Amino acid sequence: MATLTAPFVSWDKSWLIGVHEIDAQHKRLVELLNQLHHAMSEGKGKDVLGGILESLVAYTKAHFKAEESMLEQSGYPEIVQHKFEHAELTRKVLDFQKKFEAGGFGMSIELMEFLRTWLKGHILGTDIKYVALLHSRGIK
């Protein structure tokens, strides 16, 4: 019988910001991060890890684009800083992905911890700032 392991990132309802589309995307990011961690823990090969990493990168970019569009349309005053945070994470992850694909860098718990910490901190520290504005615009 297979042993169930706890997820690397446990979704918590305190992470809900009250915007359905964004909450669903955040949950999907958590699922992808857990898939990547599980594959790494199981010692999966570079192809499997690379495929999951590619999915995580692509979904993160799509999430950022959707979120930024919503914020721009709503006139969010801190959009420039918000986009900067997204761009910084994207840059770091793409740099890691290049090194990983070139064989110069393995999947590590440090990377996973960085991604977990960044995601939680971004949702609870940065994304939460735009909730009142979006709700005032009828976006839920």
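Scanning the stretch 82-107 for residues that are within 17 Å of the chain's Cα centre (by Cα) and either more than 20 Å from residue 33 (Cβ to Cβ) or hydroxyl-bearing (Ser, Thr, Tyr) (or both) gives 82, 83, 84, 90. Residue 120 fulfils the conditions (1) of a type in the set (D, E, K, R); (2) exposed (fewer than 12 other Cβ atoms within 10 Å of the Cβ); (3) under 16 Å from the mean Cα position of the chain (by Cα) except for a single criterion, (2).
Entry remark, the stretch 81-108: residues being of a type in the set (Lys, Arg) and at pLDDT 95 or above number 1 in total. In this structure, does residue 54 turn out to be free of Cβ contacts under 8 Å to residues at least 60 places away in the same chain, within 27 Å of residue 6 (Cα to Cα) and exposed (fewer than 14 other Cβ atoms within 10 Å of the Cβ)? In short, yes.
Name the residues in the stretch 131-140 that are in a helix (DSSP H, G or I) and touching a Gly at 6+ places or on another chain (Cβ under 9 Å), would you? Working first, answer last.
Restricting attention to the stretch 131-140, the residues satisfying the condition of being in a helix (DSSP H, G or I) are 131-136.
131, 133, 134, 135 - these are the residues of the stretch 131-140 that are in a helix (DSSP H, G or I) and touching a Gly at 6+ places or on another chain (Cβ under 9 Å).
Contact map, the stretch 58-86: first residue within 19 Å of residue 139 (Cβ to Cβ), second residue of a type in the set (Gly, Ala, Ser) and in a helix (DSSP H, G or I), Cβ cut-off under 9 Å, separation 6 or more or different chains; pairs are 64/87; 74/136. Among residues of the stretch 11-27 that are farther than 14 Å from residue 116 by Cβ, those with a Cβ under 8 angstrom from a residue that is among the acidic types (Asp, Glu), sequence gap 6+ or separate chain, pair up as 16/23; 17/23; 17/127; 22/67; 22/127; 25/67.
Conditions tested, residue by residue: (1) in contact (Cβ under 8 Å) with a residue 60 or more places away in the chain; (2) over 18 Å from residue 40 (Cα atoms); (3) among the hydrophobic types (A, V, I, L, M, F, W, C).
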site: 102; (1), (2), (3): no, no, yes
site: 112; (1), (2), (3): yes, no, yes
site: 118; (1), (2), (3): no, yes, yes
site: 126; (1), (2), (3): no, yes, no
site: 131; (1), (2), (3): yes, yes, yes
site: 139; (1), (2), (3): yes, yes, yes
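Scanning the stretch 63-92 for residues that are closer than 23 Å to residue 115 by Cβ and among the aromatic types (Phe, Trp, Tyr) returns 64, 84.
Just give me the residues in the stretch 42-51 being of a type in the set (Lys, Arg) and either in contact (Cβ under 8 Å) with a residue 60 or more places away in the chain or surrounded by fewer than 16 Cβ atoms within 10 Å (Cβ to Cβ) (or both), in sequence order.
Residues of the stretch 42-51 that are of a type in the set (Lys, Arg), as a first pass: 44, 46.
The answer is 46, and nothing else.
What do you reckon, is residue 24 more than 15 Å from residue 123 (Cβ to Cβ) and either within 13 Å of the chain's Cα centre (by Cα) or hydrophobic (A, V, I, L, M, F, W, C) (or both)? When the stated conditions are applied, residue 24 does not pass them.
The values are calculated or read from the model by the stated rules, or taken from the named source; none is laboratory data. Here the structure is a predicted model, which is why all the values come from computation and not from measurement. Methodologically, a virtual Cβ is constructed for each residue, glycine included, from the backbone with ideal geometry; neighbour enumeration extends over all protein chains shown.
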